[in-house]
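Report on one structure; see the data block that follows.
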Amino acid sequence: MQQPAKDRLRIVAVWLCRLIVGFTFIISGWAKAIDPWGFLIKTGEYLQVWGLNLPRELVLTGCVSLACVEFCTGVLIATGSLKRLAVWVAAAMMSVMLPLTLYIAVESPVSDCGCFGDFLIISNTATFIKNVVLSALIVYLIIAGRKVKGIYAAPIQWLQIVVTVAFPMILAFVGYNIQPLVDFRPYKLGTNLFGDAGESSTEVYIYRKGGVEKEFTLDELPDDSWEFVDMKSVGDETNGGFEVRDDSGLEMNDELSDMDGQVLYLIVSDPDVQFLSRVHLTNMLYRRAESQDVTMIGIAGATGSTLERWISIAKPLFPVYSAAPTALKQLVRGDAALVYTDGGEIKWKRTLSSMNADFGDGEWASDSLENIRPVDDGRYHLILLSIYLASMIVIYLLSLSPKILRLFVGIPKKIRNFAHSKNEHNTITLYHTMRKNIVAGNWKMNTTVPEGVALAKEVNEALKGFKANCDVIICVPFTHLCPVAAEIDANVLGLGAENCADHTSGAYTGEISAPMVASTGAKYVILGHSERRQYYGETSETLREKVALALANGLTPIFCIGEVLAEREDGTYNEVVKRQVEEGLFNLSAEDFGKIILAYEPVWAIGTGKTATAEQAQDMHAHIRAVIAEKYGKEVADNCSILYGGSCKPSNAAELFAKPDVDGGLIGGAALKCADFMGIVKAF
């Protein structure tokens, strides 16, 4: 049946919002992950403005974690996976970023927020506007997104998350330890380090106000409330404004740019005592360069006495010049890094620590510096991106095959079922929940006795040739119980009735008592089904009597609960279901309650073709389990099997059963065909 135009419009709107929000988060996380040094530097600017001094290891961990969370959240939103969790994670991040970027837009403590790194630099005002738009779209996704199905099936989304988190982590690892895999800064491979001699430059004036320093050109000088600090010359993007001076303050750009042959530059943007542990490496590297006719020059981000003191301690065997630390950090990432040029053209860049492997057993002397392969030319990034995208495609294709998908069903659930509890000595032990996975068929008022016996035999034979990962039950009309019981193997297929009376015996024409049901060989009985409540006026008081008689006669009640459409739409469904559980079952002892199987059936989904989404089913099942825990405790709640009923089919069973609190299904129409019923059984 064709969807109404309103529903189609909502689906289009949700997917449009998902793509906009998702790809914004993806690009933001990717830009941070690919250049963790750049994100670390930008975060340091914020911390400096706010007067915070945190350990760099802690800040770095936070930076990489945020990049991975942003990227993964973006992918999940863009593909419609974990629809509720992903959008709420995005909302949590925006609840922090929105006021933060408003503050940045008003106060301008930093020149740009750095949300997209050097990949895309936008103004602070534009950043705030972007976050306002994203917040509005995220609110819409919270309201409407849960009803629109995603691309990846639920059982396999955990694998999607693993692969998605691994990608930015690899980017960050390489970007921090060697160099960013893609370079968005002015000093790219193939450019001239110092530009052409005599190239034009621009004077930049530095002013301070309220403890914040900001750069201005001559045409945009600030008012008198700003204090002049310094002036510097900045070249165009070709030479990057990179200015090197010797110990007397003489500019060395022209001299260095005129050097022929290969030059290896050691760049130390922030020279300090920590560098001393690597001095022996630099001197070994100098000898290696000298043996290959490569000139080695050091450039440090310090001047005057600070630079002199560092040189006197480090005692480098090569000349050392000075330059602005900011320019050095833009040139190459890392506290101590190398830039290799040939004729002034940048050939490769990498951190000094990544060269350690080359300094061993004298092998470094025979390796050519010229042949070191750069990582920041985009090739490695393309390879990693291709592997990631191929993995995502493979995961999607796996989700299209029911047989393969079943291999993944319940893996997170099995992990979740191992919980921690404290024993009497207050030590941690592991226990496994004892609740069973169950698929129960409710035939209702269908099939004649011969037809029913034939169907039961067919299901029984199908189960004999298949090792089910769940208990399988068929609940049949009373007329079928005896002949079906004679034809099926009770060790393979359980048998139940669809109802029983609230009296043991007496003048109740047409009623079937619990002892009568038990005498047929049946072990289960469905009680409280919505059709019994609706058409025959069964109340909670009546159901309490039926449950007590069923238990007294050795029958396991499959107790049904669920809300009608009006209660779902007015938002009272949680209260309705809680009341049904409390009024129908909470008179039982904990021991007797442990014998009950619950079946949540949204009445609006029974026989209508509509199905609660896997997330809606999970939410309600978790709510029911919480209600039980309040009364009987967590252990009883964790061990209670809760089934889902309501248009459950082979096509959606795997997604429903993958949810941690959904323990199977009470199947209606699909139970009347062996192939369909077995398709649901095999979903486990």
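Matching residues to (1) surrounded by 17 or more Cβ atoms within 10 Å (Cβ to Cβ); (2) in a helix (DSSP H, G or I):
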{"residue": "Cys115", "(1), (2)": "yes, no"}
{"residue": "Ile121", "(1), (2)": "no, no"}
{"residue": "Ala126", "(1), (2)": "no, yes"}
{"residue": "Ile129", "(1), (2)": "no, yes"}
{"residue": "Val132", "(1), (2)": "no, yes"}
{"residue": "Gly145", "(1), (2)": "yes, yes"}
{"residue": "Tyr152", "(1), (2)": "yes, no"}
{"residue": "Leu159", "(1), (2)": "yes, yes"}
{"residue": "Ala166", "(1), (2)": "no, yes"}
Scanning for something open to solvent by 20 Å² or more (accessible area, probe 1.4 Å) and without any contact (Cβ under 8 Å) to a residue 60 or more places away in the chain, does segment 77-85 turn up at least one residue?
yes
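Condition first: open to solvent by 20 Å² or more (accessible area, probe 1.4 Å) and either among the hydrophobic types (A, V, I, L, M, F, W, C) or part of a loop (DSSP other than H, G, I, E, B) (or both). Now tell me which residues in segment 328-346 satisfy that. Please lay out each step first, then the result.
As a first pass, look at segment 328-346 and keep what is open to solvent by 20 Å² or more (accessible area, probe 1.4 Å): 329-330, 335, 342-343, 345.
Within segment 328-346, Asp335, Gly343 qualify.
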I want to confirm something. Restricting to segment 249-269 and keeping residues that are small (Gly, Ala, Ser) and either closer than 18 Å to Lys188 by Cβ or buried (at least 19 other Cβ atoms within 10 Å of the Cβ) (or both), which single residue is modelled with the highest pLDDT?
Ser269
If Cys648 satisfies all but one of (1) over 27 Å from the mean Cα position of the chain (by Cα); (2) open to solvent by 40 Å² or more (accessible area, probe 1.4 Å), what's the number of the condition it fails?
(2)
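Okay, residues lined up against (1) open to solvent by less than 10 Å² (accessible area, probe 1.4 Å); (2) within 21 Å of Thr556 (Cα to Cα); (3) touching a Gly at 6+ places or on another chain (Cβ under 8 Å):
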site	(1), (2), (3)
Ala626	no, no, no
Ala629	no, yes, no
Val636	no, yes, yes
Cys640	yes, yes, yes
Leu643	yes, yes, yes
Ala658	no, no, yes
Ala671	yes, yes, yes
Are any of the residues in segment 89-110 among the aromatic types (Phe, Trp, Tyr), assigned to a helix (DSSP H, G or I) and within 17 Å of Leu19 (Cα to Cα)?
no
Answer yes or no: is there a residue in segment 593-603 that is under 14 Å from Ala440 (Cβ atoms) and either in a helix (DSSP H, G or I) or of a type in the set (Gly, Ala, Ser) (or both).
yes
With open to solvent by 50 Å² or more (accessible area, probe 1.4 Å), touching a helix residue (DSSP H, G or I) at 6+ places or on another chain (Cβ under 8 Å), under 28 Å from Gly44 (Cα atoms) and not polar (S, T, N, Q) as the only criterion, which of Val139, Val69, Val110 stands out?
Val69
Pairs please, first residue from segment 369-385 and on the phi > 0 side of the Ramachandran plot, second anywhere and assigned to a loop (DSSP other than H, G, I, E, B) and buried (at least 18 other Cβ atoms within 10 Å of the Cβ), Cβ atoms under 9 Å, 6+ apart in sequence or on different chains.
Gly378/Leu181; Gly378/Asp183
Could you list all residues from segment 284-302 that are assigned to a helix (DSSP H, G or I), open to solvent by 40 Å² or more (accessible area, probe 1.4 Å) and charged (D, E, K, R)?
Arg287, Glu290
Could you tell me which of the residues Leu102, Leu98 is hydrophobic (A, V, I, L, M, F, W, C) and farther than 22 Å from Cys68 by Cα?
Leu102
Does segment 303-323 hold any residues that are of a type outside the set (S, T, N, Q) and open to solvent by 50 Å² or more (accessible area, probe 1.4 Å), and which are they?
Glu308, Arg309, Ile311, Ile313, Lys315, Leu317, Pro319
Selection from segment 587-614 of residues exposed (fewer than 15 other Cβ atoms within 10 Å of the Cβ) and in contact with a Phe, Trp or Tyr (Cβ under 8 Å, 6 or more places away or on another chain) yields Ala590, Lys610
Where the second residue is in a loop (DSSP other than H, G, I, E, B) and not basic (Lys, Arg) and the first is within 17 Å of Gly74 (Cβ to Cβ) and lies in segment 92-118, which pairs have Cβ atoms under 6 Å and are six or more apart or on separate chains?
Gly117/Asp35
Of all the residues that make up segment 24-41, how many are closer than 17 Å to Leu171 by Cβ, open to solvent by 20 Å² or more (accessible area, probe 1.4 Å) and at pLDDT 95 or above?
3
If I ask for residues that are in contact (Cβ under 8 Å) with a residue 60 or more places away in the chain and outside any loop (DSSP other than H, G, I, E, B), which ones from segment 168-190 would you list?
Pro168, Met169, Ile170, Leu171, Ala172, Val174, Gly175, Tyr176, Asn177, Val182
Looking at (1) among the charged types (D, E, K, R); (2) modelled with pLDDT of 85 or more; (3) open to solvent by less than 50 Å² (accessible area, probe 1.4 Å), which is the only condition Asp246 fails?
(2)
Looking at segment 168-177, which of its residues are farther than 20 Å from Ala90 by Cα and open to solvent by less than 40 Å² (accessible area, probe 1.4 Å)?
Leu171, Ala172, Val174, Gly175
Looking for whichever is free of Cβ contacts under 8 Å to residues at least 60 places away in the same chain and surrounded by fewer than 18 Cβ atoms within 10 Å (Cβ to Cβ) here; the options are Ala522, Ala486, Ala514. Which one fits?
Ala486
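The values are calculated or read from the model by the stated rules, or taken from the named source; none is laboratory data. This one's a predicted model, so the numbers in the text were calculated from it and none came from an experiment. All Cβ positions, even for glycine, are placed from backbone atoms using ideal geometry, and neighbour counts span all protein chains on display. Note: areas computed on protein heavy atoms with side chains; ligands, DNA, RNA excluded. Shrake-Rupley method; radii C 1.70, N 1.55, O 1.52, S 1.80 Å.
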